[in-house]
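The values are calculated or read from the model by the stated rules, or taken from the named source; none is laboratory data. This structure is a prediction, so every number in the text was calculated from the model and none was measured. Glycine gets a Cβ as well: all are built from the backbone with ideal geometry, and neighbour counts include every protein chain shown. Quick note on the areas: whole protein, heavy atoms, side chains included, nothing else; ligands and nucleic acids left out. Shrake-Rupley method; radii C 1.70, N 1.55, O 1.52, S 1.80 Å.
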Amino acid sequence: MTSQGDTLLSRVNEPSDLRVLSDAEVARLASEARDHLDSSRAEPVSTVELTLAVHRTFSAPKDVLLFDTQHTVVAREILTGRAEVPEGAPHQISEHAHAAAPLCYADGLAKAFAVRDTTRRRVVAVIGDDALTSGMSWEALNNIGAAPARPVVVVLNDNGRPYTSAQGGIARHLAELKRAAAGLAASQIPVQRRGKPLRTNMFTDLGFVYIGPVDGHSMSALERALRRAATVGRPVVVHCVTRRPNTDTTAVPPQSTTRRRSRTRRTWASVFEAELAALGADRDDVVCVTTGTGIGEFAARFPERVFDAGSAEPHAITSAAGLALGGTHPVVRMRADALPRAFDRLLADVARHRLPVTVVLDHAGVSDRGEHGVWDPSVLAAIPGLRLGAPRDTVRLRELLREAIHRETGPTVLRHPSGPAPLDVPATRRVGECDVLRETANPDVVLLAAGALAKPCLAAAESLALRDVTATVLDPRWTVPVDPALIKLLGAHRMVVVVEEATAIGGLGARLAQALAAAGSGTRVVTHALPPRFLPHAPRDQLLRACSLDAAGIARVIRTLLGKPSLRRE
């Protein structure tokens, strides 16, 4: 190890550095890692020892280590110094945004190694207990367990509180395994209930060797269990029990595990949660299906109307369809990056039957967490009868949510970013569904701002005015379908620049250009949106600036467009 500071953490540059540490040094490193991690991020703090043990037992890159979601990945990055390692480094280890993905990758990798006769490479999938709420996990476990000749090590991090409540059969079964093992060695676990033999462990029923439960904060117990798993020679589940800081493992009702509203700033999420609760008070048919995303006051006041689907986004949508068939109006809460996983269910199970289901997407556009929701507008626009709204501020979020709830046929989707939200970006008038935010006679350009980009578009218009460039700024409010009144309004102008926090392909700009062309308009439509590539992890403001979607960048793009001879105002 190279010396880069006074701490062990600063001297860890790659996984092999972890394997030469003494037991005392490992304990010290774990303590330093916990101190380094933000104490409010309970998941990475709780998996420090687990992450250390996996890297000390298995040899990356020879052994393939797959980590689910960021709750394990963050700890791994700190413990291996990956934050300072260039992309594609030899010991870089795969990670995935969806909880179930590592199991599916592991199944495929094990098959590939068998076909290519490279069976000396071991495949390890580290997953959280929330992954077991996803149907894709069980599809993968079904295949892995049925192939005893292809050993895959599944490390299950069980902190007893996947996402919010996860009050289901799987969570109860994991709890039974832990209760049955109290005071017994892992190899002697007779799964029992009330003193009577119970069915065998569900993992052994699927063909896995089961090791555990293991104390997820004991390095000696973890390494002993993982070494055993590495030598079994068939699919294994290592059941590790961890604890989140300042929490216990007691089952907690949904209302006590949702996000608390910020006292210092108004966020998009807090405004949505407050308005949903108000709607719930007005209408007893409003219910909520959540995929682990907080719903605040609604859950506290109406727990009997809250249904947590965990990581099962497709199930959440079709379950909401059933709720709608039963006479309720379901509101489905999920992250925008998760929506494409449920696209076919929204199309076939909701839209096809014209069911009134409202989906509200958090973290739409670029996100500080790296879970960028930039693809959903392109795919949602293809669903017949669907309405897609993008509020520009908290006033419009409340307004659009109420409009969605009052719609009686067909699905409605609202998308908003994360973080602080502007209170009010007022309009001067409304034309059809569209709000006019700034209006000038015979403008050089019309800025059509989708959602939260309305505020930087207004700032860009102010900046352009200082350079004698006039701009009208519009907010369509509903981006799908394209409003006929908007087509008529834009047909009177020469150039429209559509500014949206999504990919341009299949976005509002493309659909607007098609509609204007079909109407025989000569209006030129230019789309200024996110690039069609995977974006890196970075602060939201930084990413928007890099993509020229801040006020200065938007103004710069407009000046460049107007400087082109084919677009210069005559």
Subject >> ARG341 - accessible surface, heavy atoms, 1.4 Å probe, Å² rounded to 10 >> reply: 80 Å²
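Using a simple charge model, +1 on the beta-carbon of Lys and Arg, -1 on the beta-carbon of Asp and Glu, nothing else, what dipole does region 419-487 show about its Cα centre, in debye to the nearest 20? Don't skip to the end; give the middle numbers.
Working: 6 positive and 9 negative charges, 14 e Å.
Dipole size: approximately 60 debye.
Write down the percent of antiparallel bridges among all DSSP beta bridges whose residues are both part of region 428-535, to the nearest 5.
Values: 6 of 20 bridges.
Antiparallel bridges: around 30 percent, rounded to the nearest 5.
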**OP:** For region 501-517 and region 400-425, write down the distance between their C-alpha centroids in whole Å.
**Re:** 21 Å
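Per residue, how much accessible surface does region 444-570 expose to a 1.4 Å probe? Answer in Å², no decimals. Each step should come with its number before you reach the end.
Numbers: 5610 Å² over 127 residues.
With the other protein chains kept in place, region 444-570 gives 44 Å² per residue.
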Subject >> Computed lengthening from ALA175 to ARG120, 0.36 nm per intervening residue step minus Cα-Cα distance >> reply: 16.4 nm
Subject >> Protein accessible area in region 457-570, 1.4 Å probe - carbon and sulfur % >> reply: 56 percent
Subject >> Cα lying deepest toward the dipole's positive end in region 341-411, options HIS372, HIS353, VAL395, charges on Cβ >> reply: HIS353
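If packing is taken as the average count of other Cβ atoms within 10 Å, what order do 444-452, 311-319 fall into, highest mean first?
Working: 444-452: 26.2, 311-319: 23.0.
Result, highest mean Cβ count within 10 Å first: 444-452, 311-319.
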**OP:** Using per-residue counts of other Cβ atoms within 10 Å, averaged over each peptide, order 499-506, 380-387 from highest down.
**Re:** 499-506, 380-387
**OP:** Using a 1.4 Å probe and ignoring any ligands, DNA or RNA, find the accessible area of LYS111 and quote it in Å² to the nearest 10.
**Re:** 80 Å²
Original post:
Roughly what % antiparallel, to the nearest 5, for the DSSP beta bridges in region 288-397?
Top reply: 10 percent
Subject >> Relative packing of 46-53, 533-540, which averages over residues the other C-beta atoms within 10 Å, highest first >> reply: 46-53, 533-540
Subject >> Alpha-carbon centroids, region 203-227 and region 449-469: separation in whole Å >> reply: 57 Å
